[in-house]
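**Student:** Could you have a look at this structure, given as C-alpha cells, before my questions?
The values are calculated or read from the model by the stated rules, or taken from the named source; none is laboratory data. Note that this is a predicted model, so its numbers are computed, not measured. Here the Cβ positions follow ideal geometry from the backbone for every residue, glycine too, while neighbour counts run over all protein chains shown. Accessible surface areas use protein heavy atoms only, side chains included; no ligands, DNA or RNA. Shrake-Rupley method; radii C 1.70, N 1.55, O 1.52, S 1.80 Å.
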Amino acid sequence: RGFAIVFEHSTGRPRSFRARTSTYQRMQNPLDIRLQMARQQLQSGQLDQAEYIIGQVLAQDPDNAAAAGVLAMVHMHRHEFALAIETLDQACARAPTDHATLIQIATIYKNLGRFDRAKACYRRCIELHPEAMAQGYLNLATTCRYSDYDDDVRAMEAAHATTTPNSLARRYLSFALGKVFDDLKDYDRAFDYFHEGNQIASTSMPPMNME
C-alpha cells in the first residue's frame, strides 16, 4: 500500500520514509541491509532518501567504503562531480585493498572521464587479486586506448597463454586482447582474439561484467 509523501520542515525527509526506516531499525538489521536499501533508493532515483540512509550507515561505520561508493554515486547523479571525486578518494583511503570497492571506484572514475585514476585502480586490482586478473585486464582494456605494444599488453598475452582454454577467464582475456589489437590496428590478431572469445561464449556462461 502506498504512502503519501509529506516532508517535515524540521528534518527535510518524508514522514513515511522515516516510518519505514524506523521499522528496519526496530528489527535490528545489520548495516548491509541499510546499504542495500540505499542502493535501491538510488536506482529508483530517490537521491535524498539514498543519501539519508547512507548518512545513517556512515554515522555508525565511518570507514564503510561501500557506503562511500554509494554516496559518490548520489553526487554523480546530481552532477556534483567534485564531491564525487572527494568521496571516492576517501573510499580509497578506507579500503585500499578491497577488490569490490576498487572495482566500484574505478568504474565511477571511468564514468567521470578520469581514466588515469580508473586505470590505477584496475591495475591495483590485478596486482592485489590475481584470482580476478582476467576480468581486471578486460576492465583495463576497455578503459584505455592503446597506441603501442606496452607492458600491459605483454602481461595480458602472458596471462592468456597460461589460462585454461575454454574458461571464463580465457574468454575475458580474449576479448581484452581483441580490443587492444583493434586499437593497435592489427586487425588480423584482433579478429583472432575476438573469434576465440565468441567461440568460448555459451549459454552456460554468465554474461560478461564490463565494469
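**Student:** Where does region 147-189 land on the Kirkwood hydrodynamic radius, alpha-carbon pairs, in angstrom? All intermediate terms of the calculation are to be shown ahead of the outcome.
**Tutor:** On the way: mean 1/r = 0.0947 Å⁻¹.
Mean inverse Cα-Cα distance, inverted, gives 10.6 Å.
**Student:** Say R0 is 35 Å: what FRET efficiency, to the nearest 0.05, do residue 31 and residue 79 get from their beta-carbon distance? Show your work: numbers first, answer last.
**Tutor:** Details: r = 28 Å, r/R0 = 0.80.
The pair residue 31/residue 79 has a calculated efficiency of 0.80.
**Student:** A further question follows. Over 22 Å apart: what share of the alpha carbon pairs of region 79-211 falls there, rounded to a whole percent? All intermediate terms of the calculation are to be shown ahead of the outcome.
**Tutor:** Values: 3343 of 8778 pairs.
Of all Cα-Cα distances in region 79-211, 38 percent exceed 22 Å.
**Student:** Then there is this: Based on the Cβ-Cβ distance of residue 187 and residue 59, what FRET efficiency does E = 1/(1 + (r/R0)^6) give at R0 = 45 Å, to the nearest 0.05? List each step's numbers first, then the result.
**Tutor:** On the way: r = 54 Å, r/R0 = 1.21.
It comes out at approximately 0.25.
**Student:** Given a 1.4 Å probe, how much area per residue of region 111-211 is accessible, in Å²?
**Tutor:** Values: 5520 Å² over 101 residues.
About 55 Å² of surface per residue is accessible.
**Student:** Taking the Cβ of residue 148 as the center, what net charge do the other residues with Cβ under 13 Å away carry, scoring Lys and Arg +1 and Asp and Glu -1? If you can, show how the numbers build up before the last one.
**Tutor:** Values: positive: 145, 154, 185; negative: 150, 151, 152, 183, 186.
That works out to -2.
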